[in-house]
1. Out of ILE374, ILE410, I need the residue that is at pLDDT below 95, under 17 Å from THR285 (Cβ atoms) and touching a helix residue (DSSP H, G or I) at 6+ places or on another chain (Cβ under 9 Å). Which one?
2. Checking the structure you have, find out if any residue of the stretch 23-37 is without any contact (Cβ under 8 Å) to a residue 40 or more places away in the chain, farther than 30 Å from ALA342 by Cβ and within 31 Å of the chain's Cα centre (by Cα).
3. Restricting to the stretch 167-183, name every residue that is within 29 Å of GLY356 (Cβ to Cβ), touching a residue at least 24 places away in the same chain (Cβ under 8 Å) and not β-branched (Val, Ile, Thr).
4. In the stretch 104-127, is there at least one residue being of a type in the set (Lys, Arg), touching a Gly at 6+ places or on another chain (Cβ under 9 Å) and in contact (Cβ under 8 Å) with a residue 24 or more places away in the chain?
5. If you check LEU377 against the conditions, is it out of contact with any Cys (no Cβ under 9 Å at 6 or more places or on another chain), over 28 Å from MET211 (Cβ atoms) and outside the structural domain of ASP120 (by TED's automatic domain parsing)?
6. Could you pull out the residue among PRO391, PRO436, PRO408 that is on the phi < 0 side of the Ramachandran plot, over 24 Å from the mean Cα position of the chain (by Cα) and not acidic (Asp, Glu)?
Amino acid sequence: MDRQQEFVLRTIEERDVRFVRLWFTDVVGSLKSVALAPAEVEGAFEEGLGFDGSSIEGLARVFESDMLAQPDPATFQILPWRGETEATSRMFCDILTPDGEPSAADPRNVLKRNLAKAADMGFTCYTHPEIEFYLLKSQQPGPDGSPVPVDEGGYFDHVPGGVAQDFRRTAVTMLESVGISVEFSHHEAGPGQNEIDLRYADALQTADNIMTFRTVIKEVALQQGTYATFMPKPFTAHPGSGMHTHFSLFEGDTNAFFEAGAEFQLSQTARQFIAGILKHAPEFTAVTNQFVNSYKRLWGGGEAPSYLSWGHNNRSALVRVPLYKPGKGQSARIEYRGIDSAANPYLAYAVLLGAGLKGIEEGYQLPAAAEDDIWSLSSAERRAMGHDPLPASLHDAIRTMEDSELMPQILGEQVFEHFLRNKRAEWQDYRLQVTPYELQRNLGIL
């Protein structure tokens with residue numbers, strides 16, 4: 001038994017932990033949980049916990065349904081919202097086949113495989129997400145059928161006595177108590193919209209942190225009599241919720257994206273990484289923007305990027321190179337602005353990293369940076385400048401992903417097929433719905 005496992009078992013005993021929750025996700029990023037009695041944890045470390053994988057979306061076919069959840073002791077944390085009496089903890093799990101091999105269908109394993117590939121190329125990948133969400137008075141819509149936000153605040157607004165302010169303070173305290181470092185928190189542009197930015201961490205830890213983050217935010221909201229949603233675009237007239245993520249690759253202690261004296265201080269590695277993301281973005285948009293509603297955000301304005309472009313401090317670009325601070329080469333990074341906060345973080349970071357690494361491997365050439373506000377250009381101007389659009393709907397994104405050669409390589413055939421099957425079913429279900437828009441628009445005149 002290794003030192004981390006011993007630490008977990010000792011802490012369970014010392015803190016009188018009554019329940020140990022094992023966490024993992026399905027292919028769309030829904031959190032799954034099973035509670036273990038403390039006496040069973042040592043056995044789970046040694047042999048894993050058996051469960052029926054065919055009941056979890058995308059994990060196993062019926063004829064190969066037996067799976068094992070192997071807890072990762074490095075992710076052990078006490079869950080503060082459960083209280084001190086009858087303390088509850090959690091660990092993330094890797095999903096294994098019965099013979100102990102990593103499951104090809106486990107989203108966490110998909111990201112680990114791509115991080116291993118980066119390591120083989122000499123790189124460590126660090127990420128820093130800016131997570132937006134809406135805080136609503138309840139899950140129930142108002143009289144007009146729209147959600148009801150907790151306030152009418154706007155970007156960076158300080159709302160005295162505001163519900164969101166108290167909420168953010170409690171949420172940040174709780175996040176830090178489970179080992180998640182927070183960099184910023186503030187009111188975002190929409191009414192009731194908030195943003196909390198997590199500190200830099202390696203991509204696997206960040207993805208684990210995002211799953212924990214969503215749970216913490218939901219739990220704090222419930223405790224305070226409100227409701228938090230990560231739905232990409234809950235309001236027609238207000239901005240959607242994104243999860244802009246900053247990426248950097250390090251070679252040892254050196255930032256591989258930094259080159260003193262180069263344009264925007266960007267190294268050739270960074271330029272090829274951006275080129276890879278831009279070239280393959282249409283193919284992976286179904287992963288980073290996986291719901292029908294995601295495309296209302298992408299094409300609904302409000303700083304959401306919809307075209308293949310990059311720029312230095314250009315907030316209309318899909319990939320932004322943040323302002324360089326003199327003497328801070330280690331902070332050189334790029335920001336991908338397309339991803340929304342409802343994405344499966346394991347798969348989203350896997351496809352972004354995989355596309356960037358492909359750009360480095362193949363030596364992709366980066367087109368010229370966009371200096372204009374891309375939204376203000378005409379379609380002809382965008383075409384002339386090479387700013388092709390991202391997919392306009394989930395249907396378009398599915399079709400583009402189906403034709404990709406790279407996505408099955410990054411995701412693995414099993415996740416690729418299961419993910420597409422899930423998304424096709426969602427699109428088919430959506431296609432059959434008669435919406436309030438159609439009734440309001442057509443019922444009285446047709």
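1. It is ILE374.
2. Yes, some residue in the stretch 23-37 is without any contact (Cβ under 8 Å) to a residue 40 or more places away in the chain, farther than 30 Å from ALA342 by Cβ and within 31 Å of the chain's Cα centre (by Cα).
3. LEU175, GLY179, GLU183
4. The initial filter retains those residues of the stretch 104-127 that are of a type in the set (Lys, Arg), namely 108, 112-113, 117.
Still in the running and touching a Gly at 6+ places or on another chain (Cβ under 9 Å): 113, 117.
Imposing the further condition that a residue be in contact (Cβ under 8 Å) with a residue 24 or more places away in the chain reduces the set to 113, 117.
Within the stretch 104-127 (the criterion being of a type in the set (Lys, Arg), touching a Gly at 6+ places or on another chain (Cβ under 9 Å) and in contact (Cβ under 8 Å) with a residue 24 or more places away in the chain), the answer is yes, since at least one residue qualifies.
5. On the way: out of contact with any Cys (no Cβ under 9 Å at 6 or more places or on another chain): yes; over 28 Å from MET211 (Cβ atoms): yes; outside the structural domain of ASP120 (by TED's automatic domain parsing): no.
It is false that LEU377 is out of contact with any Cys (no Cβ under 9 Å at 6 or more places or on another chain), over 28 Å from MET211 (Cβ atoms) and outside the structural domain of ASP120 (by TED's automatic domain parsing).
6. Matching residue, one of PRO391, PRO436, PRO408: PRO436.
Condition check ((1) charged (D, E, K, R); (2) assigned to a loop (DSSP other than H, G, I, E, B); (3) surrounded by 13 or more Cβ atoms within 10 Å (Cβ to Cβ); (4) at pLDDT 95 or above) across all residues:
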residue	(1), (2), (3), (4)
GLY145	no, yes, no, no
ASP157	yes, yes, yes, no
PRO160	no, yes, no, no
ARG168	yes, no, yes, no
PHE213	no, no, yes, yes
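Residues checked against (1) in contact (Cβ under 8 Å) with a residue 40 or more places away in the chain; (2) of a type in the set (Asp, Glu):
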site	(1), (2)
GLU361	yes, yes
LEU366	yes, no
GLU381	no, yes
GLU417	no, yes
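The values are calculated or read from the model by the stated rules, or taken from the named source; none is laboratory data. Small disclaimer: the values here were computed from a predicted structure and weren't measured. As a convention, Cβ positions derive from the backbone with ideal geometry for all residues, glycine included, and neighbour counts pool all protein chains shown.
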